[in-house]
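Inspection log for the structure reproduced underneath, given as structure tokens.
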Amino acid sequence: MTTQTTDIPPAEQGERRSWLREHSELGVCALLLVLGVLVLTDALTMDVDIAQRGPVGPKTVPVVVGAGLLVIAALLAVDVLRGGRGQAEGGEDIDLSEPADGRTVLLLAGVFLGSAVLIEPLGFPVAGALLFWGAAFALGSRRTDRDPLIAAGLSLVTYVVFNNLLGVPLPGGPLMGVL
């Protein structure tokens, strides 16, 4: 006597996988929906001092962006469910039959997480340099003579532009007393 472990026959399981594969763009819709809700929630719960408000306060842009994300998610979902499909770019030179390079993805994720952890104790210039150098290494560059110098220069320029020119404070870390 054989017992069936699932309530769905194998033929229907194959049809369900096929429908999901044909409508995979709905994953992008779900991502846009979640991002829109997060942005709107954050914007609407933002603590704003009444004295700092003007005709256009600090909540305006996040609310517009969050609402835009929700509208785009809804319009894209309707298009996908009506049969719309994204077109591959003609200039793409990748082979979609090849599997993704998991090593590169994991290296990049590790570099991003490492820089996020190190930004507070080491400061942006050092953490940014490690981020740029690590990303270049993960993506295939093996020029150990020039990559660290380019990464350090890029990180310092980014720090100066954001911290000094745009007024966005970034943690300087222990090296800022020396520089």
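The values are calculated or read from the model by the stated rules, or taken from the named source; none is laboratory data. In this text, all values refer to a predicted model and were calculated from it rather than measured experimentally. Every residue, glycine among them, receives a Cβ derived from its backbone with ideal geometry; neighbour counts consider all protein chains shown. For the accessible areas, the whole protein counts, side chains as well, though only heavy atoms, and no ligand, DNA or RNA atoms are used. Shrake-Rupley method; radii C 1.70, N 1.55, O 1.52, S 1.80 Å.
Summary of values
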| item | result |
| --- | --- |
| Of all residues in the range 138-157 being open to solvent by 90 Å² or more (accessible area, probe 1.4 Å) and in a helix (DSSP H, G or I), the one that is farthest from GLY167 (Cα to Cα) | LEU149 |
| Residues (touching a residue at least 24 places away in the same chain (Cβ under 8 Å), closer than 23 Å to PRO58 by Cβ and surrounded by fewer than 17 Cβ atoms within 10 Å (Cβ to Cβ)) located in the range 27-37 | LEU35, VAL37 |
| Residue within the range 88-99 that is without any contact (Cβ under 8 Å) to a residue 60 or more places away in the chain and either part of a helix (DSSP H, G or I) or under 27 Å from VAL160 (Cα atoms) (or both) present | no |
| Residue check, ARG21 open to solvent by 100 Å² or more (accessible area, probe 1.4 Å), modelled with pLDDT of 85 or more and in a helix (DSSP H, G or I) | no |
| Residue match in the range 112-123 (condition: assigned to a loop (DSSP other than H, G, I, E, B), touching a residue at least 40 places away in the same chain (Cβ under 8 Å), farther than 30 Å from VAL28 by Cα and open to solvent by less than 90 Å² (accessible area, probe 1.4 Å)) | yes |
| So ALA135, is it open to solvent by less than 60 Å² (accessible area, probe 1.4 Å) and under 18 Å from GLY110 (Cα atoms) | yes |
| Checklist (1) under 19 Å from VAL105 (Cα atoms); (2) at pLDDT 95 or above applied to LEU154, failing item | (1) |
